[in-house]
Protein chains: 4
Amino acid sequence: MEKKTLLTDCQDNMGLISKITNICYKHQLNIIHNREFVDHGNNQFFMRTELEGYFNDSTFLADLDRALPENSRRRLISSDRKRIVIMVTKEAHCLGDILVKTFDGSLDLEIAAIVGNYDTLGNLAEKFDVPFHHVSHEGLSREEHEAQLLAAVQQYQPDYVVLAKYMRILTPNFVAQFPNKIINIHHSFLPAFIGAKPYQQAFERGVKIIGATAHFVTNDLDEGPIITQDISPVDHTFSAADMAKAGRDVEKSVLSKALGLVIDDHVFVYGNRTVIL
Amino acid sequence: MEKKTLLTDCQDNMGLISKITNICYKHQLNIIHNREFVDHGNNQFFMRTELEGYFNDSTFLADLDRALPENSRRRLISSDRKRIVIMVTKEAHCLGDILVKTFDGSLDLEIAAIVGNYDTLGNLAEKFDVPFHHVSHEGLSREEHEAQLLAAVQQYQPDYVVLAKYMRILTPNFVAQFPNKIINIHHSFLPAFIGAKPYQQAFERGVKIIGATAHFVTNDLDEGPIITQDISPVDHTFSAADMAKAGRDVEKSVLSKALGLVIDDHVFVYGNRTVIL
Amino acid sequence: MEKKTLLTDCQDNMGLISKITNICYKHQLNIIHNREFVDHGNNQFFMRTELEGYFNDSTFLADLDRALPENSRRRLISSDRKRIVIMVTKEAHCLGDILVKTFDGSLDLEIAAIVGNYDTLGNLAEKFDVPFHHVSHEGLSREEHEAQLLAAVQQYQPDYVVLAKYMRILTPNFVAQFPNKIINIHHSFLPAFIGAKPYQQAFERGVKIIGATAHFVTNDLDEGPIITQDISPVDHTFSAADMAKAGRDVEKSVLSKALGLVIDDHVFVYGNRTVIL
Amino acid sequence: MEKKTLLTDCQDNMGLISKITNICYKHQLNIIHNREFVDHGNNQFFMRTELEGYFNDSTFLADLDRALPENSRRRLISSDRKRIVIMVTKEAHCLGDILVKTFDGSLDLEIAAIVGNYDTLGNLAEKFDVPFHHVSHEGLSREEHEAQLLAAVQQYQPDYVVLAKYMRILTPNFVAQFPNKIINIHHSFLPAFIGAKPYQQAFERGVKIIGATAHFVTNDLDEGPIITQDISPVDHTFSAADMAKAGRDVEKSVLSKALGLVIDDHVFVYGNRTVIL
């Protein structure tokens, strides 16, 4: 017996749930969890189906393809542990949280490597026996630096790249190598405070809540599909530095939550938004 | 074209989603929303299906009954506005919130009447042109009082009875008339602070959060199936009276939220718990 | 015995708390609550002192003025109930909440009048016996309309003007009549989604939280000092209209909370931010 | 120049703030932050004053003692880093969070040692170069085991003992060695679900929120003064094991937050409650 997850994403039609679940039934696959969503505005159907049984992937997918409308996307994903590479700069809290959660089993993933543009966090990586690559940007052009980064990351063939407070902007070329595969944590409740120094911006605006946003990276800075967001209350006693310190907890919990949703195959990317089933 | 909601609740079997959605498809009923849940521990299946089309209720239900396991419960609920009777004592905030939300369309229901054991809130009922019945408990035995209450409520044949800070305990006889039809707001995050004066209890315990719980009423005081709960932070500056005042907002939002879930047919009662789809 | 609140706002100096509380002590005024805050970045001192006793305002203030640095602001505010005028357009939820909370004593204020640019909410105002002025903008220039609005509002000499979903922009001339006296509820967590249709903007961005912001009105649209903010979670199932409906609860609770803070004299405006003591 | 924190806790009297701040002024100590609270029900005064300057502790405290009522408690606490010993059983998440936060400076403390009744977490302690003592309870009477625990802990003379999911009950003898110095994390929003298996209890009750409580340990199980609490929403899809997993994040954030408040000297214990200034 195996477990797999079927993600279906296609034009909506009457009877789709029935057709898909019929095929599961025919193949003697038991439905453990099923959730669907129809975006009626765009006539788009999404379904996530956790299945258990003896799979014959090719005949099952062939049956599905006959039943689904044209241009449907369907993925049958094995329950193998996902492999990630984490990119960092100097701040330890998001990396530390992912390391501890992977250590204690809260996140079921394999951290293949950590890549930093500073060596600050090499020490923390080493504690958890994860390879650390220091790829300094000093003295390099952006293109040269990214070529080295790309080489460092790609040797591990990661399922996802996680930017755990990686503080440099990636070029379109880098992003294009990992479409909807790069997860970033931005330290504001987007779309407020796009770009640099969001806590300084938040302080100057006199806000009463700060937040964090985990999103897929696209070529528009801080504009990619949002996976999850959360906030933390602040008040007049908080300096920009106090906000940054208070923000650490919300940043790390938002990033970990998003990562958990992604690696358990709950997230559909759809235009510039996500459907989470 | 009509809209109806099908609630199915039965023993789990392979292929149930397929069977039910097949029948919808056969009857040319379009599935607007569908959510299911399987309690694997108890092997119980729940599904909520919003349907749109031309209904032949009897043949549709007959088809379902042939397809479902024995002892299944299925209800096909029309989208008619639900009718409620609200019971109150002296506090205005929950009643006021339901009145305003019904007035502005946030809650789509009909308030048939308000019944109070004091006349304090008659004035507020009158503002919104809702009949108010003052059924005083003074000078009456519990049985006599409840007989009068029951008469006052039952003349309206309500779908649900809402206890909006009704501060007396109802007897098993009253409760038995409205099984899983009486919604109460309790001013604590149950099961903390069961019974009288929860804010006083909370104050004495020195808690840092207070809460409220909306639940169906059973014969065990404050032990019925929980629909929704929420909390509000407090600190050492709050007296018991301050907690009670701060609790009003969370009480009213929890009760309104629970009421919205119930009247839109999202709530299954299952043993002493709820499944909300 | 009377109760008054002293708000002090001046350049920071060593010994200010001591000097101010000494003067209270000398005047036999008992300190019920005291909170202070020093903005060390700007060397600015704020203190809110609730006092009880027999007040001789002029000698007390004269003593204070001798003790405080130059250019200090100090206000000794009586505990008289504040008078407000509420401005509305068509949406009932914020107005309804303030009416019910004033009715049940949760907000201790006097609603002198309600002014609407539509007559939609006249009915609701009437239920609570509050004068309603319909000042239509139709057929009028902005200046003509605001002149009429201003006349309608000013006849009541309100302490504060509350924009309870008033959906037109006020001109600098109107705003100048009520410096730091106009409280607005904006239906986003500012500075996200400034301007029109924030829920449509939020939907299009695919956010996972929506929010609301209560702020003082200045001449920069949605840029005035923030009093309080809160958020509500949303997900992919929410249309822009669903977000707007879900946002009602957070809008009304944020506005009521801000109003409570303002009328109880907890709020200092300081540059473009608030200090809340 | 030094920084120290003065905590004053005494019977309330008119002029206390004035007297205390006068003494600070006289000693040329600058007040960085000051917060006070009066429990009017019990006529008790609390003040926390962060001071900066050149301290002569003995003359300063002598001046205070002359000014304060009898039976006052005042502590002048240096800003030295606090030293803690952490006690654990098998779960890594709370320990991991404290280790990472200490590593990255979010918690400014010294972890002198970790003591476990299992050796499960020795590996994690070692990663961060903290001494780990495995004090197994197997084959020992409760008294023998606690004698060994006590020896292991006391050799480090900790300011606080932190129970980071230490799953055994401590005896009154152990607790008496560290009055108001032992901080525990309980995995429910107390007073709900006192005692063993709170997530199982929560599951059986069908709650919609779970929580965690950090409190000082007294001889009444789970009844000590609460420092901080927080909650996390759950729903019908959560098994008891799912609740336990979801609870980890709230447990660790509540414990870390409480620990931060305690080590920065914000917490007064007062009867069975805390005042946090």
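The values are calculated or read from the model by the stated rules, or taken from the named source; none is laboratory data. Not measured: the values here are computed from a predicted model. Every residue, glycine among them, receives a Cβ derived from its backbone with ideal geometry; neighbour counts consider all protein chains shown. Heavy atoms of the whole protein, side chains included, go into the accessibility calculation; ligands, DNA and RNA do not. Shrake-Rupley method; radii C 1.70, N 1.55, O 1.52, S 1.80 Å.
Could you give the accessible area per residue of the range C:82-276, probe 1.4 Å, as a whole number in Å²? If you can, show how the numbers build up before the last one.
On the way: 7020 Å² over 195 residues.
The answer is 36 Å² per residue.
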Förster radius 41 Å - calculated FRET efficiency between A:Asp220 and C:Thr120, Cβ distance, rounded to 0.05: 0.55
When the gyration tensor of the range A:158-257 is built from Cα positions, what are the square roots of 5 times its three eigenvalues, in whole Å, from largest to smallest? 25, 13, 10
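Give me the percent of accessible area attributable to carbon and sulfur for chain D, probe 1.4 angstrom.
Details: 5050 of 11020 Å².
That fraction is 46 percent.
Just counting partner chain Cβ atoms within 10 Å, what average do the residues of peptide B:192-201 show around their Cβ? Spell out each step's value before the answer.
Numbers: counts 8, 2, 1, 0, 0, 0, 0, 0, 0, 1.
Whole-number average of other-chain Cβ neighbours for B:192-201 is 1.
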Return the long-range amide H neighbours of B:Thr274 (sequence gap of 5 or more, or a different chain), with a cut-off of under 5 Å between placed amide H atoms. B:Ile226
Residues of the range D:162-185 with the amide nitrogen closer than 18 Å to a label point 7 Å from the Cα of D:Glu144, along Cα-to-Cβ, please. D:171
Taking Cα atoms, how many degrees apart are the long axis of helix B:16-26 and the longest axis of chain B, rounded to 10 and kept between 0 and 90? 70
Is the C-alpha gyration tensor of the range D:35-91 telling us rounded, prolate or oblate? Criteria: a/c under 1.5 is rounded; beyond that, a/b larger than b/c is prolate, otherwise oblate. oblate
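If you take every residue apart from D:Glu204 with its C-beta less than 12 Å away from the C-beta of D:Glu204, what net charge results, scoring Lys and Arg +1 and Asp and Glu -1? Don't skip to the end; give the middle numbers.
Working: positive: B:Arg273, D:Lys197, D:Arg205; negative: B:Glu223.
Computed value for this residue: +2.
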Along the range C:145-157, Karplus-curve 3J(HN,Hα) (6.51, -1.76, 1.60; θ = phi - 60°) to the nearest Hz, with x for Gly and Pro, reads 4, 5, 4, 5, 4, 4, 4, 4, 6, 5, 4, 9, 6
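Given all pairs of different Cα atoms, what value in angstroms does the Kirkwood hydrodynamic radius of the range B:9-140 take?
Working: mean 1/r = 0.0547 Å⁻¹.
For the range B:9-140, inverting the mean 1/r across all distinct Cα pairs yields 18.3 Å.
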Solvent accessible area, Å² - C:His134, 1.4 Å probe, full protein context: 100
Chain pair B, A: how much accessible area is buried, both chains summed, with a 1.4 Å probe, in Å² to 100? 1700
For the rotation taking chain C to chain B, the chain C residue with the nearest C-beta to the axis, plus the distance in whole Å, reads C:Lys127, 2
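Can you give the translational diffusion coefficient of the range D:70-136 in µm²/s, computed by Stokes-Einstein from the Kirkwood radius over Cα pairs at 37 °C and 0.692 mPa s? Write down the numbers at each step before the final one.
Details: Rh = 13.2 Å.
For these conditions, the coefficient is 249 µm²/s.
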Please list, in chain and number order, the residues 5+ apart from C:Val234 or on another chain whose amide H is under 5 Å from its amide H, with Hs placed from the backbone. C:Ile209, C:Ile210
Whose amide H sits under 5 Å from the amide H of C:His133, counting only residues 5 or more places off or on another chain, with H placed in the peptide plane? C:Ile114, C:Val115, C:Gly116
Just to verify a number: what accessible area does B:Leu140 come out at with the full protein assembly present, 1.4 Å probe, Å² rounded to tens? 60
Kindly give the distances from B:His134 to its copy-mates, label point to label point, with each label point 7 Å from Cα along Cα→Cβ, as nm values to one decimal ordered shortest first. 3.5, 7.5, 8.3
The range A:271-277 - phi-based ³J(HN,Hα) in whole Hz, Karplus 6.51/-1.76/1.60, Gly and Pro as x: x, 9, 10, 10, 10, 10, 10
In the structure displayed, which of B:Lys127/C:Lys257; A:Lys245/D:Lys197; A:Lys208/B:Lys127; D:Lys165/D:Lys208 lie more than 27 Å apart, Cα to Cα? A:Lys245/D:Lys197; A:Lys208/B:Lys127
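Can you tell me, using C-alpha contacts under 8 Å and at least 6 residues apart, the relative contact order of chain C as a whole percent? Could the numbers behind the result be given before it?
Numbers: 512 pairs, mean separation 40.8, N = 277.
Across chain C, relative contact order equals 15 percent.
Per-residue ellipticity at 222 nm for chain B, helices alone: DSSP H runs ≥ 4 residues times -39500 (n - 2.57), over residue total, nearest 500 deg cm²/dmol? The partial results should precede the final answer.
Working: 8 runs with 89 residues, N = 277.
Counting only the DSSP helices, I get -10000 deg cm²/dmol.
Quick one: net charge around B:Val267, please, counting Lys, Arg +1 and Asp, Glu -1 for every other residue with C-beta under 14 Å from its C-beta.
Details: positive: B:Arg35, B:Arg48, B:Arg73, B:Arg75, B:Lys82, B:Lys181, B:Lys257, B:Arg273, D:Lys208; negative: B:Asp9, B:Asp159, B:Asp264, B:Asp265, D:Asp235.
Summing Lys and Arg as +1 and Asp and Glu as -1 gives +4.
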Along each principal axis, Cα extent of the range A:2-78, largest first, Å: 37, 23, 19
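Would you mind getting me the FRET efficiency between B:Asn173 and C:Tyr54? Use the beta-carbon distance for r and R0 = 45 Å, nearest 0.05. Before the final figure, lay out each step's value.
Values: r = 59 Å, r/R0 = 1.32.
FRET efficiency, B:Asn173 to C:Tyr54: 0.15.
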Angle between the Cα long axis of helix B:240-263 and the longest principal axis of chain B, 0 to 90 degrees, nearest 10? 20
Which distances in nm, rounded to one decimal and ordered from shortest, link the label point of A:Gln28 to the equivalent label points in the other identical copies, with labels set 7 Å from Cα toward Cβ? 3.8, 9.1, 9.5
Measure off 7 Å from each Cα along the Cα-to-Cβ vector at B:Gln154 and B:Met14, then give the distance between these two points in nanometres to one decimal. 5.0
Report the residues of the range D:115-138 in range of a label on D:Arg81: point 7 Å along Cα→C-beta, backbone N strictly under 14 Å from it. D:129-131
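Over all pairs of distinct alpha carbons, what does the Kirkwood formula give as the hydrodynamic radius of the protein assembly as shown, in Å? Each step should come with its number before you reach the end.
Numbers: mean 1/r = 0.0311 Å⁻¹.
For the protein assembly as shown, the Kirkwood estimate is 32.2 Å.
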To the nearest 10 square angstrom, what accessible area does D:Lys257 show with a 1.4 Å probe? 120
Suppose you put the label 7 Å out from Cα in the Cβ direction; list, shortest first and in nm with one decimal, how far A:Asn13 is from each other copy's label. 2.8, 8.2, 8.7
Mind giving me the FRET efficiency for A:Glu204 and C:Glu204? R0 is 30 Å, r the Cβ-Cβ distance, nearest 0.05 is fine. 0.70
Report Rg/Rh for chain D, rounded to two decimals, where Rg is the Cα radius of gyration and Rh the Kirkwood radius. 1.01
In whole Hz and in residue order, list the ³J(HN,Hα) couplings for the range C:203-214 that follow from phi through the Karplus curve 6.51 cos²θ - 1.76 cosθ + 1.60, θ = phi - 60°; x for Gly and Pro. 4, 5, 7, x, 6, 10, 9, 10, x, 8, 9, 9
Within 10 Å of each Cβ in A:205-215, the average number of Cβ atoms from other chains: 6
Surrounding net charge for A:Leu140, when Lys and Arg each add one and Asp and Glu each subtract one, Cβ distance under 14 Å: -2
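Counting only other chains, what is the mean number of Cβ atoms within 10 angstrom of the Cβ of each residue in peptide A:217-227? Before the final figure, lay out the partial values.
On the way: counts 0, 0, 0, 0, 0, 0, 1, 1, 2, 5, 2.
Mean partner-chain Cβ count within 10 Å for A:217-227: 1.
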